[in-house]
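The values are calculated or read from the model by the stated rules, or taken from the named source; none is laboratory data. Here the structure is a predicted model, which means the values were calculated and not measured. Note that we place each Cβ from the backbone using ideal geometry, even for glycine, and neighbour counts take in every protein chain shown. Side chains included, ligands, DNA and RNA excluded: accessible areas come from the protein's heavy atoms. Shrake-Rupley method; radii C 1.70, N 1.55, O 1.52, S 1.80 Å.
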Amino acid sequence: VSAQLIDGNAIAARIRDAAQHEAKRLAQRGHRPCLAAVLVGDDDGSRLYAASQAETAHRVGIEHRLVEIPPQATLDEVRGRIAELNADATVSGILVYQPLPAGLDAAAVQSLIDPRKDVEGVQPYNLGLLAMGRDALVPCTAAAAMACLASTGIDLSGREAVVVGRSAIVGRPVAALLTAAHATVTVCHTRTLQLEDHTRRAEVLIVAAGRVGLIGREHVRPGAVVIDVGTHRQRVPGDGSTARTKTVGDVRFEEVSHVASAITPVPGGVGPVTVAMLLSNVVKAAES
Ligand code: NAD
């Protein structure tokens, strides 16, 4: 590996430390930050995730309040509960775990959250502010990709940046943040022709396509900074007695780490920073 490894765990630790410092300051003023985490139904994955999130939040000095709503709840019932949380002055931030039970649309539910409490940055109002280049609660993964870039010390002004992916919570917000940082930004997606013609121009390449190993050496300009947002669980062929899995990204790390100047690994790159960013957003929401 010739590229500098961007250490997501170390960046996450710094973000948690800063959040802890702020949370303490707020608590001393009688305003302990509180995250209301809404679980509709009883998805096992969400429950596990909630438990680990609660532990991290508590360590940083943020209250984590699990709000459980039965699986058969209607949109009107969910609206009622979220309205209560919106009005509750002790709640600084609200998030809704996914997947939601069939019949409840995630975007419809998220749009019920008060934008000032939208700590995942998924509310149309916050995405609108972001598109306008104004201060907003930013989607955690997009903010994490930017924090990984910032850790390399790169000045983005005037740089060629290419984003692969245009989802509302990753690709588009990353493109908006890069634009705000004065980079020249190209957004690629499934209809892009000759992907490598674009990615090879990139001094900064952000990959959020959700395709295992999409980006190889041939896609990367020598010396580029490469941020891999992709996360996939893959089975590892073994002796069959124990099923093993590993986490991989959208970038073929082995190849690309020989041409890039800096790169995020998967796991240990954008993932842990995303988790820390949520806490940072809760503190930010509590301050406003
Ligand atoms: P998505 O499926 O909503 O969007 C993927 C985007 O990539 C689409 O806009 C699509 O046009 C584009 N795309 C797909 N295949 C392409 C191709 N072959 N060439 C060019 N563009 C292509 O996914 P998402 O929610 O934006 O997530 C992207 C990846 O990031 C996933 O692997 C997801 O698991 C991961 N993710 C990681 C974190 C984290 O914390 N690390 C958080 C969120 C998402």
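For n ≥ 4 DSSP H runs only, could you compute -39500 (n - 2.57) per run for the chain, divide by its residues and tell me the 222 nm figure to the nearest 500? Before the final figure, lay out each step's value.
Working: 10 runs with 112 residues, N = 288.
Mean residue ellipticity at 222 nm (helix-derived): -12000 deg cm²/dmol.
So for the chain, averaging the separation of alpha carbon pairs under 8 Å that are six or more residues apart and normalising by length, what relative contact order in percent results? Mind showing how you got there, number by number?
Details: 592 pairs, mean separation 68.0, N = 288.
Reported as a whole number, the value is 24 percent.
Note down the relative contact order for the range 69-175 as a percent, whole number, built from C-alpha pairs under 8 angstrom at least six residues apart. Walk me through the intermediate numbers first.
Numbers: 98 pairs, mean separation 20.5, N = 107.
Worked out over the range 69-175, it gives 19 percent.
Can you tell me the order of 63-76, 250-263 when each peptide is scored by its average per-residue count of other Cβ atoms within 10 angstrom, highest first? Display every interim value, and only then the final one.
Numbers: 63-76: 14.4, 250-263: 20.6.
Descending mean neighbour count gives 250-263, 63-76.
Please list HIS232, HIS31 from largest to smallest accessible area, probe radius 1.4 Å, with all protein chains kept in place.
On the way: HIS232 30, HIS31 65 Å².
From most exposed to least exposed: HIS31, HIS232.
Arranged from highest to lowest average of other beta-carbon atoms within 10 Å per residue, in what order do the peptides 121-134, 266-279 appear? Kindly include the intermediate steps, with their values, before the conclusion.
Numbers: 121-134: 17.3, 266-279: 24.2.
Top to bottom by mean Cβ count within 10 Å: 266-279, 121-134.
Mean shadow of the chain, computed from the convex hull of its alpha carbons, in nm²?
Numbers: hull surface 65.5 nm².
Averaged projected area of the chain's Cα convex hull equals 16.4 nm².
Work out how much length ALA51 to HIS189 would gain on full extension: take 0.36 nm times their residue separation and subtract the Cα-Cα distance, in nm to one decimal.
Values: separation 138, 0.36 × 138 = 49.68 nm, distance 3.47 nm.
Stretched out fully, the ALA51 to HIS189 stretch lengthens by 46.2 nm.
Between GLU84 and ARG25, what is 0.36 nm times their sequence separation minus the Cα-Cα distance? Round to one decimal in nm. Could you put the intermediate results ahead of the total?
On the way: separation 59, 0.36 × 59 = 21.24 nm, distance 2.64 nm.
The span from GLU84 to ARG25 would gain 18.6 nm if fully extended.
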Inset, instruction - For the chain, give the percent of accessible area contributed by carbon and sulfur heavy atoms, probe 1.4 Å, rounded to a whole number. - result: 52 percent
Inset, instruction - Give me the Kirkwood hydrodynamic radius of the range 33-124, using the inverse of the mean 1/r over all pairs of distinct Cα atoms, in Å to one decimal. - result: 13.2 Å
Legend entry - aspartates and glutamates with Cα under 12 Å of LYS117, excluding same-chain neighbours fewer than 8 positions away: ASP88, GLU287
Legend entry - Segments 142-149, 199-206 sorted - mean Cβ within 10 Å per residue, highest first: 142-149, 199-206
Inset, instruction - Please work out how much length the chain gains when fully extended from ARG200 to ASP17, using 0.36 nm per residue of separation minus the C-alpha to C-alpha distance, in nm with one decimal. - result: 62.2 nm
Inset, instruction - Measure nothing fancy, just the Cα-based angle from helix 140-150's long axis to the longest principal axis of the chain, in degrees from 0 to 90, nearest 10. - result: 40 degrees
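Which shape class applies to the range 170-248: rounded if a/c is under 1.5, otherwise prolate when a/b exceeds b/c and oblate if not, where a ≥ b ≥ c are the square roots of the Cα gyration tensor eigenvalues? Kindly include the intermediate steps, with their values, before the conclusion.
Details: a/c = 2.60, a/b = 2.11, b/c = 1.23.
Prolate shape, in that a/c is at least 1.5 and a/b is the bigger ratio.
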Inset, instruction - Return the distance in nm (one decimal) between the two label points of a simple spin-label model at HIS258 and ALA106, each offset 7 Å from Cα along Cα→Cβ. - result: 3.7 nm
Legend entry - Distance between the range 124-189 and the range 39-96 - C-alpha centres, whole angstrom: 27 Å
Legend entry - Long-range Cα-Cα pairs in the range 100-152 (distance over 14 Å), rounded percent: 58 percent
Inset, instruction - Would you calculate the separation in nanometres between label points at GLN98 and ARG235, each defined as 7 Å from the Cα along the Cα-to-beta-carbon direction? - result: 2.6 nm
